[in-house]
Amino acid sequence: MCLAIPALITELLPDQMARISLDGVLKTISVALVEDLTPGDYVIVHVGHALSKIDPEEAARTLALIAEYAALADRAA
């Protein structure tokens, strides 16, 4: 199963790279596939690559659902 998740761009780096925040964890990814990004944008990330820009409200809804699922999984364990 593949999973692509929303992440916040915190910094644009040289060579079509960017630093993102995934639930407070900072990672560096490629943004070569997406144009016109700025810090503060949300992107869909899969295996270290931004695939597309996403609306901030949609990103928030998706991240809330992921957090809810994680909480339910923790309770079931």
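How many Å² of accessible area per residue for the chain, probe 1.4 Å?
Counting only protein heavy atoms, the per-residue value for the chain is 69 Å².
What does the convex hull of the alpha-carbon atoms of the range 37-77 project to on average, in nm²?
The directionally averaged projection comes out at 3.6 nm².
With a 1.4 Å probe and every protein chain kept in, tell me what percent of the accessible surface of the chain is carbon plus sulfur.
Percent of accessible area from carbon and sulfur atoms in the chain: 59.
Please identify, among Asp55, Asp15, Asp41, the residue showing maximal mean-square fluctuation in a Gaussian network model of the chain using a 10 angstrom Cα cutoff.
For the chain, modelled as a Gaussian network with Cα springs under 10 Å, the answer is Asp15.
Determine the relative contact order of the chain: mean sequence separation of Cα pairs under 8 Å and six or more apart, normalised by residue count, in whole percent.
27 percent
How large is the charge dipole for the range 2-77, taken about the Cα centre, if only the Cβ atoms of Lys, Arg (+1) and Asp, Glu (-1) carry charge, to the nearest 20 debye?
Taking the Cα centre of the range 2-77 as origin, the dipole is about 240 debye.
Taking the chain as the reference, fit the longest principal axis to its C-alpha atoms, fit the long axis of helix 56-76 to the helix C-alpha atoms, and give the angle between the two in degrees, 0 to 90, nearest 10.
40 degrees
Consider all pairwise Cα distances in the chain and report the whole-number % of them above 18 Å.
Distances greater than 18 Å cover 39 percent of the Cα pairs.
Modelling each spin label as a point 7 Å along the Cα-to-Cβ direction, I'd like the Thr10/Ala64 distance in nm, to one decimal.
2.4 nm
The values are calculated or read from the model by the stated rules, or taken from the named source; none is laboratory data. Computed from a predicted model, the values in this text were never measured in an experiment. Glycine gets a Cβ as well: all are built from the backbone with ideal geometry, and neighbour counts include every protein chain shown. Heavy atoms of the whole protein, side chains included, go into the accessibility calculation; ligands, DNA and RNA do not. Shrake-Rupley method; radii C 1.70, N 1.55, O 1.52, S 1.80 Å.
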